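The values are calculated or read from the model by the stated rules, or taken from the named source; none is laboratory data. Keep in mind that what you see is a predicted model, and the values were worked out from it rather than measured. Positions of Cβ are backbone-derived with ideal geometry, glycine not excepted, and every protein chain shown enters the neighbour counts. Keep in mind that these areas ignore ligands, DNA and RNA; they rest on the heavy atoms of the full protein, side chains included. Shrake-Rupley method; radii C 1.70, N 1.55, O 1.52, S 1.80 Å.
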Amino acid sequence: QVQLVESGGALVQPGGSLRLSCAASGIHFGVYTMTWYRQAPGKQHELVAAITDLRSTNYGDFVKGRFLISRDNYKSTVDLQMNSLKPDDTAVYYCHARWNTNDFWGQGTQVTVSS
């Protein structure tokens, strides 16, 4: 059974940092492209950051150097280090795994940026 379990979401003040983690099981993690998406209330899903099996990375335009995605193939985890957080970063953050036609989602973790 495939599971993607996100953790690390919290309430943080503007300008603060958070580190999200996604632990995968039931898949051959190393071949998957891992992506963090987010969805804020009333808004569409948007790509936050992605990392391929070869560790090529891609970020949403709004990230502007504030976030860093990384993966550990031994632990089957993908992390998202988020710095300089803004209220607009408030959203549910989802972990996604994709390889060929295989496509899996986590349940999401809430990030709230507020003073």
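Brief remarks follow.
- Yes/no for Ser70 being without any contact (Cβ under 8 Å) to a residue 12 or more places away in the chain and among the hydroxyl-bearing types (Ser, Thr, Tyr): no
- Among (1) touching a Phe, Trp or Tyr at 6+ places or on another chain (Cβ under 6 Å); (2) open to solvent by 80 Å² or more (accessible area, probe 1.4 Å), the one test that Thr109 misses: (2)
- One residue from Ser56, Ser114, Ser21 being polar (S, T, N, Q) and in contact (Cβ under 8 Å) with a residue 60 or more places away in the chain: Ser114
- Considered as a group, the residues in the range 13-48 that are among the basic types (Lys, Arg) and not in a loop (DSSP other than H, G, I, E, B) include one that is surrounded by the most Cβ atoms within 10 Å (Cβ to Cβ), and that residue is Arg38.
- Residues (under 19 Å from Leu54 (Cα atoms), in contact with a Gly (Cβ under 7 Å, 6 or more places away or on another chain) and not in a strand (DSSP E or B)) located in the range 78-115: none
Matching residues to (1) over 15 Å from Arg98 (Cβ atoms); (2) of a type outside the set (Ser, Thr, Tyr); (3) open to solvent by 80 Å² or more (accessible area, probe 1.4 Å):
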| position | (1), (2), (3) |
| --- | --- |
| Leu54 | no, yes, yes |
| Asp61 | yes, yes, yes |
| Gly65 | yes, yes, no |
| Ile69 | no, yes, no |
| Thr77 | yes, no, no |
| Gln81 | yes, yes, no |
| Ser84 | yes, no, no |
| Pro87 | yes, yes, no |
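- Pro87 passes every criterion in (1) over 10 Å from the mean Cα position of the chain (by Cα); (2) free of Cβ contacts under 8 Å to residues at least 60 places away in the same chain apart from (2).
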